[in-house]
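Chemist: Pasting in a structure now, in structure tokens, and then I'll have a few things to ask.
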2 protein chains.
Amino acid sequence: MRWSRALIPTMKETPSEAEAKSHVLLLRAGMIRKLGSGTYSYLPLGQRVLNKIVAVVREEMDRAGALEILMPALWPAEVMAESGRLDVFGEDLFRFKDRHGREGVLAPTHEEVVTALVRDNVSSYRQLPLNLYQIQTKFRDEVRPRFGPLRTREFIMKDAYSFHLDQESLEETYEGMYRAYCRIFDRCGLDYVVVEAESGAMGGGRSQEFMVPSAIGDDLYVQCAGCGYAANLARAEVAAPPPARLKGDPELKVVDTPGATTIERVSKLLGVKPEQMIKTLIYRADGRPVAALVRGDHELNESKLARALRAEGVELADTPTIESVTSAPVGFAGPVRLEGVEIIADHAVMGIENGVTGANQADAHMIGVVPGRDFRADRIEDIRTAVDGDPCPKCRKATKLSHGIEVGHVFQLGTKYSKALGATCLDGDGRPRPYVMGCYGIGVNRIAAAVVERFADESGIVWPPAIAPYEVVVIPLDMSEQRIVMAAETAYTTLLDAGMDVILDDRSERPGVKFHDADLIGFPLRVVVGKGFLKTGQLELQLRRDASKVLLGHAELAEKVQAVLAELRAPIGQATDTGASQTGP
Amino acid sequence: MRWSRALIPTMKETPSEAEAKSHVLLLRAGMIRKLGSGTYSYLPLGQRVLNKIVAVVREEMDRAGALEILMPALWPAEVMAESGRLDVFGEDLFRFKDRHGREGVLAPTHEEVVTALVRDNVSSYRQLPLNLYQIQTKFRDEVRPRFGPLRTREFIMKDAYSFHLDQESLEETYEGMYRAYCRIFDRCGLDYVVVEAESGAMGGGRSQEFMVPSAIGDDLYVQCAGCGYAANLARAEVAAPPPARLKGDPELKVVDTPGATTIERVSKLLGVKPEQMIKTLIYRADGRPVAALVRGDHELNESKLARALRAEGVELADTPTIESVTSAPVGFAGPVRLEGVEIIADHAVMGIENGVTGANQADAHMIGVVPGRDFRADRIEDIRTAVDGDPCPKCRKATKLSHGIEVGHVFQLGTKYSKALGATCLDGDGRPRPYVMGCYGIGVNRIAAAVVERFADESGIVWPPAIAPYEVVVIPLDMSEQRIVMAAETAYTTLLDAGMDVILDDRSERPGVKFHDADLIGFPLRVVVGKGFLKTGQLELQLRRDASKVLLGHAELAEKVQAVLAELRAPIGQATDTGASQTGP
């Protein structure tokens, strides 16, 4: 490609609309443009990156034995009503009425359609396992699309769904997909952390997310440098502390706390630290009320609560329930003398020496509360959200809390959808059994953005060769000097003939502009033909990643460029010092 | 691929939902499944066909110098309001409100966005010509989706848009795209007719459609076997007849025709043939009223009328206008003594010897009308829609009216969108000029359906090798005979190693089932390993297209299969006797 024929509208200024580094750079490098809220056009260089990512994803899916299909984005709303997900997605779903007044939705993901497809077209276990994938555009009405292509309302997703007769077969495919995901991210040059994730209720098994460490990532995960344990925040376990031996014997007293219904206000009013307080939350778990206790400085984790209670769903109780359970207005619940309701306490609550909690009466709290002495919990479990520095559940070393960009997710769905849609398969004995399912997602646009976010420097993007818009840029520094132009043309043709992906910067621009744009866009390699060439006949091969340079003659060009590209393709996960580890399933 | 691992749910019965042959066969061959009205899932074999078509299209677009981009499907409604196309598309547009109550549309085509993209990112004529394409999913709320994947509400389209400083440059790119389209359809094995099409108002120039002849095609076109002239119905010219020399001199009389407001009723009432009647239609052309005359058995062609009047738009006048122009209720207009309005007559009207027309008074018509004697037309032009047998405008031979499936369209847009969106470019003198634009569309799914429609036989589909789901199927006829299984496995591996696209039918099915499915799906070639192999050690190579067979040894297999495939890839346009010709621009 010749630069003059490509559409590469680089920008000098930092666009005001962009916050994230990747967003700024993709705009400045002329790779994307915004259309509306959370929707982007990909200009030629951006589209080349997407196409390369898609090619890697497709190759690895095929290699993993998945079959490519394509399902519609436009669904009759009934399809989603059947699984109950119209409500689950709620406002995230784009909904419309067609010309005949029939309700439709834009699919945010394809569990229902693929399950029905398999239900209607597969009958015997002999056809299993079956793993179907598509690379297709998804639509989600995000509350707040942001960071450019990282969180949008329209995006390309590779979603795969596998179907099995039993858990064992699912595990096998799941592991294969896990390895395929690792290869995909390795080939795209990304480093990542695989974290345990929440699998939800209804027969779901293992679930893992692929996180790219990034300060602007929307997802939080906990990681242990000691043993490699990593989990997202919904899932991260906290090691149970050793049983507390409380020393003091404070006096239990009721004190007035008029209008103080929050941890913050009570703590201020009474001059106690939040970590001394026992937060008492009334929940409904599958309908029945439960009192859940966490330390005032901790947050209750609903996923953990549900798991601990083996409940399909938990939700905060409404005001009448709270008032009936505690005999007090909302904001004054406490475990002391709380009766007729199961009490579940987080481990950390049991270590409070001299606690404060609601008195189950209006405008009053109790002080001098000692867990065990003043109240008993029916169950003591890990029900709080992890915080930075919490002990690792595996090795008890301190864990670290980090932000990450989720680029992939593998998920053992179990029988949730097959049961809801009546999708069964005849087993070896001719008996119908609901499919055991897995699902596997990758965000294509997000990989591109994550790569930029992760590997850019102050001059611009640093693309890994496998997904760079072009692998090599050839830069003649003086277009008015015929010998330089000719040498650059020759180098360009040589590299093209060697099967490389090359762009020739044939613009009549100053060297500074050319270097600046090449750095900004981030081609992994550049071949510079400048004044030096006129003297020595040598070309300069420059590496974007570390700006290292080497001089070489034309004859060795193709071979050398091939060699350097091969070197650059070594998986980043092992090659860099980002500190991110990879954990296996 | 092994058949047992692929998902190929062939069906024995003809599904009741399907009318068109292509629809029936794609369903029966297990390539597509319906989700909702006008939306289809593509199963693995169907998706392979789509991927192959996409690859051909992408390769030819790149070769033609077009740059691939990707624009969103989800648009803020304002984008379309700006160009006035919210109204043009009307109910064909899917419209929705997002969670913030903002109006959005699903893009049916991308003129607005691409024009704004170029307006905002290109400034100099030095960057022209610029040709941008995408392969992307479009959404249109068709009134009546039908014939399976031929007319759907969601489909993959390759749309390209070119930008130029002047018409000359547009012509050059247009011609290049025309040639690229011919290569695409040739490679996909389609025969086609290129027809002149309507380009519409506002600076539009040439426009051509690529039609695949088919009785179920929604589009009608006229074709001359003599000189090759071909045009769609909106555009097809009718050669002007020689000036009429009217012989009789009938008496002009007013007769009562109470309540007879249609050609049919008047013709019945008065016992005259429709071709004797002069249909008088009151139109508004860019606002001003016009009386347009066509013969009673002809249809007025609005595109032609607009072109003849050099009007941007024409529409039937409303009742008050008609009543004011004719001084009569609707249904009794006639050209005799019609004053204060321009009269434009179709050529054929002037050849009526003894005509009947409205009397411009309620419940009355005139008989004995002689054009020229009783009224004068201000203009005599070709303003009717062509009919089968009309004389060719080039060579006057009788033309033929045929149905076709439109698979592609190249279109000189002119400055319609660039003017509407203020998209200008600085010319060599630094003066801003609106871009002269072209646009070019191809329906990817429709190519697949058209190929099936065109080349299926009573046994099933006959895929051209370039877009067949697999080029070759290897069929072991007896899975219980180890030597047959081994030979089939060897043949399969040999062909895979030679880079061919092969599927091995490893099912334990009867030979009849395997042959039936292979025919139904339509793999171009099959390699059969049967009883004969046990005796002679020879494989049977069978051609799907003509069922011809040849025996061969294993050693010659790869070479022979390559040779046959190469032969099959010869463009169908020249190779078959479909009678369809290809016309150049």
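Where a number appears in this text, it was derived from the coordinates with a stated rule and is not lab data. Just so it is clear, the structure is predicted and the values come from calculations on it, not from any experiment. Positions of Cβ are generated from backbone atoms using ideal geometry, with glycine treated the same way; all protein chains shown enter the neighbour counts.
Chemist: Ignoring solvent entirely, what values of log10 I(q)/I(0) come out of the Debye formula for segment B:73-122 at 0.13, 0.17, 0.29 Å⁻¹ when each Cα is a single scatterer?
Modeler: Rounded to two decimals, the profile gives -0.30, -0.50, -1.14.
Chemist: Divide, for segment A:295-451, the radius of gyration over alpha carbons by 2.2 N^0.38 Å, where N is the residue count. Walk me through the numbers on the way to the answer.
Modeler: Values: Rg = 22.0 Å, N = 157, 2.2 N^0.38 = 15.0 Å.
Taking the Cα Rg and dividing by 2.2 N^0.38 Å, one obtains 1.46.
Chemist: Please list, by residue number, every one of the GluC sites (Glu not before Pro) in segment A:244-297 that is coil in DSSP and has at most 14 other beta-carbon atoms within 10 Å. Don't skip to the answer; put the middle values down first.
Modeler: Values: sites: A:251, A:264, A:275; in loops: A:251.
Passing both the DSSP loop test and the Cβ count: A:251.
Chemist: Still on this structure: Can you give the % of DSSP beta bridges in segment B:100-237 that are antiparallel, to the nearest 5? The partial results should precede the final answer.
Modeler: Details: 18 of 19 bridges.
In segment B:100-237, approximately 95 percent of DSSP beta bridges are antiparallel ones.
Chemist: Which of the trypsin sites (Lys or Arg not before Pro) found in segment A:322-398 are in a DSSP loop and have at most 16 neighbouring Cβ atoms, other than their own, within 10 Å?
Modeler: Values: sites: A:337, A:373, A:376, A:379, A:384, A:394, A:396, A:397; in loops: A:337, A:373, A:376, A:394, A:396, A:397.
Here the trypsin sites (Lys or Arg not before Pro) that fit, given the DSSP loop and packing criteria, are A:337, A:373, A:376, A:394, A:396, A:397.
Chemist: Further, regarding this structure: Apply the membrane-span-like helix rule to chain A: whole DSSP H runs, Cα extent along the own long axis of at least 24 Å, mean Kyte-Doolittle hydropathy at least -0.5. List the helices found. Present the calculation step by step, with values, prior to reporting the outcome.
Modeler: Numbers: long enough: A:44-63 (28 Å, -0.21); A:167-187 (29 Å, -1.10).
Answer set is A:44-63.
Chemist: For the protein assembly as shown, give the share of DSSP beta bridges that are antiparallel, in percent and rounded to the nearest 5; count only bridges with both residues there. It would help to have the intermediate numbers written out before the result.
Modeler: Working: 178 of 222 bridges.
That works out to approximately 80 percent antiparallel.
Chemist: Please identify the cysteines of chain A that lack any partner cysteine with a Cβ under 4.7 Å from their own Cβ.
Modeler: For chain A, the answer is A:182, A:188, A:425, A:439, because their Cβ atoms have no other cysteine Cβ under 4.7 Å.
Chemist: Once the label point is set 7 Å along the Cα-to-beta-carbon vector, what list of distances in nm do you get between residue A:109 and its counterparts in the other copies?
Modeler: 3.7
Chemist: Using alpha carbon centroids, what distance separates segment A:217-245 and segment B:414-437, in Å?
Modeler: 60 Å
Chemist: Sticking with this one: Please give the Cα centre distance for segment B:375-409 versus segment A:134-163, rounded to the nearest Å.
Modeler: If you average the Cα positions of each part, the centres end up 49 Å apart.
Chemist: So which lysines pass the test for residue A:549, namely a Cα distance under 24 Å, with those fewer than 8 places away in the same chain ruled out?
Modeler: The reachable lysines, counting only those whose Cα sits under 24 Å from residue A:549, are A:514, A:531, A:535, A:560.
Chemist: Taking the axis that carries chain B onto chain A, what is the nearest Cβ in chain B, and at how many Å, to the whole number?
Modeler: B:96, 2
Chemist: Once you compute Rg and the Kirkwood Rh from C-alpha atoms, what is the Rg to Rh ratio for segment A:253-381? Could the numbers behind the result be given before it?
Modeler: Numbers: Rg = 13.4 Å, Rh = 14.3 Å.
My calculation puts Rg/Rh at 0.93.
Chemist: To the nearest whole number, what is the average tally of beta carbon atoms from other chains within 10 Å of the beta carbons of peptide A:90-97? Provide the component values of the computation, followed by the final result.
Modeler: Numbers: counts 1, 3, 1, 1, 8, 4, 9, 4.
Mean shielding by partner chains, rounded to a whole number: 4.
Chemist: Based on the alpha-carbon gyration tensor of the protein assembly as shown, what equivalent-ellipsoid semi-axes (square roots of 5 times the eigenvalues) come out, in whole Å, largest first? Walk me through the numbers before you get to the answer.
Modeler: On the way: eigenvalues 751, 312, 246 Å².
Equivalent-ellipsoid dimensions as semi-axes: 61, 40, 35 Å.
Chemist: Please list, in order along segment B:381-390, the HN-Hα scalar couplings obtained from phi with the Karplus expression 6.51 cos²θ - 1.76 cosθ + 1.60 (θ = phi - 60°), rounded to whole Hz, x for Gly and Pro.
Modeler: 3J(HN,Hα) across segment B:381-390, in whole Hz: 9, 8, 10, 10, 7, 5, 10, 4, x, 4.
Chemist: Kirkwood hydrodynamic radius, computed over distinct alpha-carbon pairs, for chain B: how many Å, to one decimal? If you can, show how the numbers build up before the last one.
Modeler: Numbers: mean 1/r = 0.0366 Å⁻¹.
Result for chain B stands at 27.3 Å.
Chemist: Are there GluC sites (Glu not before Pro) in segment B:321-358 that DSSP puts in a loop and that have at most 16 other Cβ atoms within 10 Å, and which ones?
Modeler: Within segment B:321-358, the qualifying GluC sites (Glu not before Pro) (loop, at most 16 other Cβ atoms within 10 Å) are B:339, B:353.
Chemist: What are the nm distances, shortest first, from residue A:62 to its equivalents in the other copies, labels at 7 Å along Cα→Cβ?
Modeler: Copy-to-copy label distances at residue A:62, shortest first: 1.5 nm.
Chemist: Quick one: of B:21/B:138; A:247/A:268; A:253/A:397; A:12/A:400, which pairs are farther than 31 Å apart, Cα to Cα?
Modeler: A:253/A:397; A:12/A:400
Chemist: Could you tell me which residue out of A:499, A:404, A:53 lies farthest along the dipole of chain A toward its positive end? Charges go on the beta carbon: Lys and Arg +1, Asp and Glu -1, centred on the Cα centre.
Modeler: It is A:499.
Chemist: Taking the label point 7 Å from Cα in the Cβ direction, how far apart in nm is residue A:401 from each other copy of itself, listed shortest first?
Modeler: 7.5
Chemist: Can I ask one more? For segment A:449-544, what percent of Cα pairs sit more than 14 Å apart? Walk me through the numbers before you get to the answer.
Modeler: On the way: 2913 of 4560 pairs.
Tail of the P(r) past 14 Å holds 64 percent of the pairs.
Chemist: Using unit Cβ charges (K, R positive; D, E negative) and no other charged atoms, how large, in debye to the nearest 20, is the dipole of the protein assembly as shown about its Cα centre? Write down the numbers at each step before the final one.
Modeler: Values: 140 positive and 162 negative charges, 157 e Å.
Dipole of the protein assembly as shown, to the nearest 20 debye: 760 debye.
Chemist: Under 4 °C and 1.567 mPa s, how fast does segment A:1-133 diffuse according to Stokes-Einstein, given a Kirkwood radius computed over C-alpha pairs? Answer in µm²/s, whole number. Intermediate values should be presented prior to the final figure.
Modeler: Values: Rh = 18.7 Å.
The Stokes-Einstein estimate is 69 µm²/s.
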